[in-house]
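Values in this text are rule-based calculations from the coordinates and carry no lab data. Quick caveat, the model's predicted, so the values are computed rather than measured. Quick reminder, even Gly has a Cβ in these numbers, built from the backbone with ideal geometry, and neighbours come from all protein chains shown.
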Amino acid sequence: MPVMITEFGVSGGWGHAHAEPNGRNHGMHGEPDQMAIDAELLELDCDILMPAALSNQIHSGNANNVKASLVVEGANNPTTPAADAILANKGIYVLPDILANAGGVTVSYYEWVQNQANEQWDPDRIAEGLKHKMYTAVDAVFSRWQSFVVGEETAVEDERVDGEGPGTPDFHTVALIIAVERVTEATLMRGIWP
């Protein structure tokens with residue numbers, strides 16, 4: 001699907017409201033500076049790239065062409081492991097999908113809690129709870145990653161390196177380390193069976 005790029009940015013869903021049957025857009029604020037198709041979007045010169053639709057969008061065949069400083073994984077597994085290594089070598093940070101798109105499952109959990117307690121929470125309470133959970137998770141991963149960067153922790157030699165120093169794992173690896181540690185701690189405290 002083509003996307004319009006204007007001086008105001010990349011058009012999203014609002015551009016479809018102006019689409020004619022032939023696919024042309026008229027009546028939009030600003031004339032298109034250029035048109036891009038899906039594959040080209042990943043290679044645009046931008047600060048933040050958020051692949052949010054499909055798995056394996058960024059792969060070894062196109063990772064070298066990514067120009068963003070930060071990739072925020074909005075989809076599940078939008079970046080292949082080979083692309084992760086290429087992006088890391090280019091100094092491009094990747095905020096992993098297990099952090100970036102965890103909001104939906106977090107709010108689903110809040111809905112489950114409400115149903116279990118026969119409650120209906122105010123939307124502001126849900127938004128604040130989500131914001132707190134997401135900020136806390138990102139901060140935990142970033143803080144732990146920094147401990148590898150400054151040498152407080154060291155990684156095993158065969159872990160992926162993200163260019164920040166020898167043995168520094170990427171954000172995805174750090175997020176998985178924290179997740180596995182939390183599951184291990186909960187299992188040791190509670191046992192295998194709830």
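At a threshold of 8 angstrom on Cα-Cα distance, excluding pairs fewer than six apart, so keeping six or more, what relative contact order does segment 50-191 reach in percent?
Relative CO of segment 50-191 lands at 20 percent.
May I ask for the equivalent-ellipsoid semi-axes of segment 43-194, computed as the square root of five times each C-alpha gyration tensor eigenvalue and listed largest first in whole Å?
With the √(5λ) rule applied to segment 43-194, the semi-axes are 30, 21, 13 Å.
Based on the mean of other Cβ atoms within 10 Å per residue, sort peptides 142-154, 85-97, 116-128, 171-183 so the most packed one is first.
85-97, 171-183, 142-154, 116-128
By a straight-distance test (C-alpha under 26 Å), which lysines pair with Lys67 as possible cross-link partners, with residues fewer than eight away in the same chain excluded?
Filter leaves Lys90.
Set the Förster distance to 22 Å, then compute FRET efficiency between Glu153 and Glu185 from the Cβ-Cβ distance, nearest 0.05.
0.80
Sum up the charges of everything whose Cβ sits under 13 Å from the Cβ of Cys46, counting Lys and Arg as +1 and Asp and Glu as -1, but leave Cys46 out.
So the surrounding residues net to -3.
Just add up the charged neighbours of Lys133: K/R +1, D/E -1, any other residue whose Cβ is under 13 Å from the Cβ of Lys133.
0
Just add up the charged neighbours of Ser143: K/R +1, D/E -1, any other residue whose Cβ is under 14 Å from the Cβ of Ser143.
Net local charge, Ser143 excluded: -3.
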